[in-house]
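I have placed the structure first, in the form of structure tokens, so that the comments after it can refer back to it.
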Amino acid sequence: MVVKLVEVHSHHAVTSNNSYSLREVYINPQRVVSMREDTGFRSLLSEGELPDGLNDNQMFTRIFLDQGQGGRSIVVVGDPVSVDRKLTEGQARVLRG
């Protein structure tokens with residue numbers, strides 16, 4: 001099963017300026033190692049650096065993904081609780097304490 005989220009994609013690797021766009025990304029929830037709120041993107045939003053159409057109070061979540069011998073992270077639109085809810089929708093959860 002994969003889950004569709006909206007990623008904030010940075011173009012700074014392609015262009016000399018830091019421009020951003022939104023794009024759909026499909027995540028395998030079993031590859032998610034951890035998540036946390038990314039407050040840096042809230043600052044970018046308030047500075048007008050992110051695409052138009054986002055709510056001024058929008059929150060962002062950085063997702064850390066396991067890719068075998070390494071990992072990577074992406075930033076998606078939404079707070080960690082709602083992103084977690086989407087990633088675990090329809091799955092039984094086992095809490096270990």
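Structure notes:
- Dipole magnitude for the chain: about 500 debye, using +1 per Lys or Arg Cβ and -1 per Asp or Glu Cβ, origin at the Cα centre.
- Note on the chain: with a GNM built from Cα contacts shorter than 10 Å, the maximum mean-square fluctuation among 22, 44, 87 falls on 44.
- Förster radius 25 Å - calculated FRET efficiency between residue 85 and residue 19 (Cβ-Cβ, nearest 0.05): 0.25
- Local electrostatic count, residue 32, Cβ distance below 12 Å [Lys/Arg +1, Asp/Glu -1]: +3
- Rotationally averaged projected area of the range 3-88 (alpha carbon convex hull; nm²): 5.9
Every read-out reported here was derived from the displayed coordinates using simple, explicitly stated rules and does not represent laboratory data. The shown structure was predicted, so the numbers you read here are calculated from the model rather than taken from an experiment. For neighbour counting, all protein chains shown are included, and Cβ atoms are generated from backbone atoms with ideal geometry for every residue, glycine included.
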